[in-house]
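Colleague: The structure follows.
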Amino acid sequence: MAGHGDLLDAAALRCNSMGLSVQLSAVEIDPPTAELARRRLRLCAEVGGHAAETIETNAFKPGLWTGERSPGSFDLVITNPPYVRYQEHSSTRGARESRFEAGDIRAALRELVRMLPDRNEAQAWSALIEGYSGLADLSVPCWMLCSLLVRPGGILALVVPQTWMNREYAKIIQYVQLRFFEPLVVVEEHGVGWFEDALVPTTLVVSRRLSTHESIVPLSSRPETTCTTTIAAIRAAAADSRSLVGRDFAGPDPDAAFAQWLLAPSPESTDHITVRRVPWAEQWQAVSARCRHDHWFRAAGEYALQPGLANSSLAPLPAPLQTALGRETAPALTTFEALGFQIGQGLRTGCNQFFYMEAAGPDSAGGQHVRASDTLGGRTLCVPDELLKPVVRRQSDVPGFAVQAGAVLGRVLDLRGWCLPEHCGAAAALRPIPAALADLVRRASQTTIGPPERRVLIPELSAVKTNSRAGSGNERLFPGVGTPRHWYTLPDFAPRHHPSLFVARVNSGTPWFILNAQPPMLIDANFSTIYGSSRVMSSIALLALLNSTWCRACTEFIGTPMGGGALKLEATQLRHLPLPVLPPEAMSPLQMLGEQLATSTTSRSEELTLAIDRIVLGALIPASETVEASLSRLRSLIADRCAQRSRAPREAVLFDHAD
Ligand SMILES: C[S@@+](CC[C@H](N)C(=O)[O-])C[C@H]1O[C@@H](n2cnc3c(N)ncnc32)[C@H](O)[C@@H]1O
């Protein structure tokens with residue numbers, strides 16, 4: 001996956017300066033790109049006295065990794081893996097050889113495992129290869145492929161977007177990293193600026209492959225180790241015209257000086273590079289908390305329950321959060337699940353253009369005027385009340401901290417129990433849809449949507465056609481049970497679709513949590529939702545807690561930074577939000593503050609937030625610490641994380657270029 005050889009060229013140059021001559025191998029699937037890499041590597045070879053080969057093929061091609069290129073034989077494997085889906089590859093690449101499917105890739109990895117020099121590792125590898133999610137893009141099997149190629153003691157060096165490691169499907173790679181490697185260093189870009197076209201910060205992950213003797217031992221059976229991984233965050237201001245770290249390493253070869261400093265036993269932070277060291281045990285606890293319910297985890301020989309982790313899905317508290325609290329050890333923490341709440345995602349209709357409408361104008365007796373989407377002509381029609389359910393679709397539907405029922409204009413078309421007159425047939429259990437709405441449904445059945453080359457009729461959309469269900473024939477005896485459904489009938493709503501609280505999945509700043517109306521309205525899939533109830537905490541007290549500075553700072557660590565500086569907060573991540581264990585006497589004041597928050601329709605009151613913070617931090621900081629000091633550290637942490645995920649001002653670098 002060598003592209004046009006940027007990384008190999010840089011590696012060859014570094015070898016030149018170290019007086020090493022090496023064998024370089026590039027594999028690239030795209031013919032013109034491979035040709036560029038070939039020319040470039042030939043030049044590298046001539047200049048540095050290296051041997052070079054460029055193989056234009058699919059890296060998952062059977063038979064490629066044999067002989068000198070066998071699994072477990074490379075000193076260094078370096079790449080930035082592709083993130084495409086298999087399907088895209090198979091449709092866009094012309095060459096027959098480059099067409100491949102998800103199944104071929106798994107088969108290729110199996111083949112590599114069979115060829116490993118030591119079969120003892122094979123069992124764990126097989127569990128992982130069979131276990132990685134079919135939803136993962138090519139980067140996950142690529143990471144496995146690269147890992148399998150490195151020799152024991154050799155180095156794997158990968159360039160990935162920072163967001164990648166937090167993805168649900170990539171957690172298996174975090175396991176691979178610990179099981180088969182010693183993670184040496186992680187270099188993080190602070191802000192976005194290294195790559196012109198990147199949307200999220202970049203991360204470099206460098207690890208050393210363990211010997212088979214070490215890696216065959218499951219992580220849960222390994223003895224305690226004092227190993228740490230160094231994580232260095234580099235700010236844009238560290239760069240000069242020569243190097244991304246040229247200002248902090250002023251000598252003739254800043255990159256070499258940086259690498260040497262980074263690999264030293266205890267590097268100290270420099271002016272623009274912040275270093276933290278994460279103990280191995282902390283990394284393993286985090287991986288175990290994320291993966292312990294996965295089938296592959298046990299198949300790889302792990303036993304799930306770690307002392308102290310038995311009832312918790314909490315990963316260890318990130319060090320900066322602990323420091324902000326002024327603590328040496330983590331405070332008592334709990335989870336939504338332990339409190340009795342559950343986390344999910346809001347309603348996904350499969351085709352918003354059909355199922356969503358917008359209230360338009362005054363209601364008439366028994367009906368509401370609603371506007372259909374532009375895709376369906378944007379016309380306004382009157383629909384019986386019972387066929388419409390209010391839905392919160394966007395953040396802008398809620399100006400404050402609580403949904404105001406009257407202000408929500410979104411409506412879901414809920415046709416359960418109804419059908420087009422022509423579909424009623426013998427199934428008298430269904431009522432005929434009124435004429436104007438029936439026309440709209442028929443129009444939708446003839447409407448195609450999607451990108452120009454892949455337009456699909458609405459009833460044929462993958463998440464719409466599954467709505468259809470034949471009747472059981474017993475509808476008369478058991479009304480509602482086994483009633484036939486059509487493509488225009490949404491399935492029954494689940495508790496997660498009308499939760500007590502919710503939070504946007506994509507947040508431009510740090511997330512704010514919102515209280516649903518009573519009775520709860522439907523909430524769209526744009527939001528992660530919190531539902532169920534707790535014996536210890538009301539939803540309103542939870543509203544106050546979740547909008548505390550503590551919880552907002554925590555979301556910065558569990559969420560995924562996205563392109564454009566937004567923070568993504570998925571249900572799977574929210575489950576790991578470290579909530580404080582509050583004393584019973586905190587509940588009633590928190591409830592009161594939650595009520596005030598729910599009625600404050602627009603502005604975010606500093607005073608109210610401070611009152612909440614006093615209660616929440618009171619349960620988290622040690623006696624020697626003040627709420628004000630801890631609060632100020634948490635606020636700067638939030639500001640720092642927000643800055644880290646946004647694009648760095650280019651002037652900082654441009655100024656240096658002008659020097
Ligand atoms: C992110 S780019 C790597 C860029 C590279 N580091 C460079 O210096 O140009 C990923 C590359 O992997 C290639 N690629 C994707 N799937 C591949 C496969 N199955 N086998 C080989 N190459 C592949 C793409 O064509 C693309 O050039």
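Please treat every number below as a calculation from the coordinates, not as lab data. The shown structure was predicted, so the numbers you read here are calculated from the model rather than taken from an experiment. In this analysis, Cβ positions are derived from the backbone assuming ideal geometry, glycine residues included, and neighbour counts consider all displayed protein chains.
Colleague: What are the principal axis extents of the Cα atoms in region 168-244, in Å, biggest first?
Modeller: Projected onto the principal axes, the Cα atoms of region 168-244 cover 46, 27, 18 Å.
Colleague: At 0.36 nm per residue, minus the direct Cα-Cα distance, what do ALA365 and ASP640 gain on full extension? Give it in nm, one decimal, please.
Modeller: 93.6 nm
Colleague: Moving to a separate point now. Could you work out the relative contact order of the chain, using alpha carbon pairs under 8 angstrom and six or more residues apart, expressed as a whole percent?
Modeller: 12 percent
Colleague: What net charge do the residues around THR323 carry, taking every other residue with its C-beta under 15 Å from that of THR323, with Lys and Arg at +1 and Asp and Glu at -1?
Modeller: Result for the local shell: +1.
Colleague: With +1 assigned to the C-beta of every Lys and Arg and -1 to the C-beta of every Asp and Glu, and no other charges, what is the dipole magnitude of the chain about the Cα centre in debye, to the nearest 20?
Modeller: Computed charge dipole of the chain: roughly 1560 debye.
Colleague: Please tell me the relative contact order of region 57-310 in percent, rounded to the nearest whole number, where contacts are Cα pairs under 8 Å and at least six residues apart.
Modeller: Across region 57-310, relative contact order equals 19 percent.
Colleague: Would you be so kind as to identify which of VAL176, LEU204, VAL186 lies farthest towards the positive end of the dipole of region 134-220, taking Lys and Arg as +1 and Asp and Glu as -1 on Cβ and the Cα centre as origin?
Modeller: Going by the Cα projections, it comes out as VAL176.
Colleague: Among THR323, LEU109, GLY48, whose Cα lies farthest out toward the positive end of the dipole of the chain, if unit charges sit on the beta carbon of Lys, Arg (+1) and Asp, Glu (-1)?
Modeller: Highest projection toward the positive end goes to LEU109.
Colleague: Going by C-beta contacts inside 10 Å, put MET592, MET144, MET1, MET357 in order with the fewest on the left.
Modeller: MET592, MET1, MET144, MET357
Colleague: Continuing with this model, one more query. Could you tell me which of LEU333, PRO491, PRO584 has its Cα farthest along the dipole of the chain towards the positive end, charges placed at Cβ (Lys, Arg +1; Asp, Glu -1), taken about the Cα centre?
Modeller: Toward the positive end, the furthest listed residue is PRO491.
Colleague: While we're on this one: Which value results when the Cα radius of gyration for region 352-465 is divided by 2.2 N^0.38 Å?
Modeller: Dividing the Cα Rg of region 352-465 by 2.2 N^0.38 Å gives 1.15.
Colleague: Cross-link partners among lysines for LYS171, C-alpha distance below 21 Å, same-chain residues fewer than 8 apart left out?
Modeller: Within the straight-line cut-off, LYS171 pairs with LYS568.
Colleague: For region 57-310, just the Cα atoms, rotate onto the principal axes and tell me the three extents in Å, largest first.
Modeller: 52, 48, 33
Colleague: Next question. If you average 1/r across every pair of different Cα atoms in the chain and take the reciprocal, what Kirkwood value do you get, in Å?
Modeller: Final number for the Kirkwood radius of the chain is 28.2 Å.
Colleague: Say a site is exposed when it is one of the GluC sites (Glu not before Pro), sits in a DSSP loop, and has at most 16 other Cβ atoms within 10 Å; what is then the longest site-free stretch of the chain?
Modeller: Maximal segment without exposed cleavage sites: 329-624.
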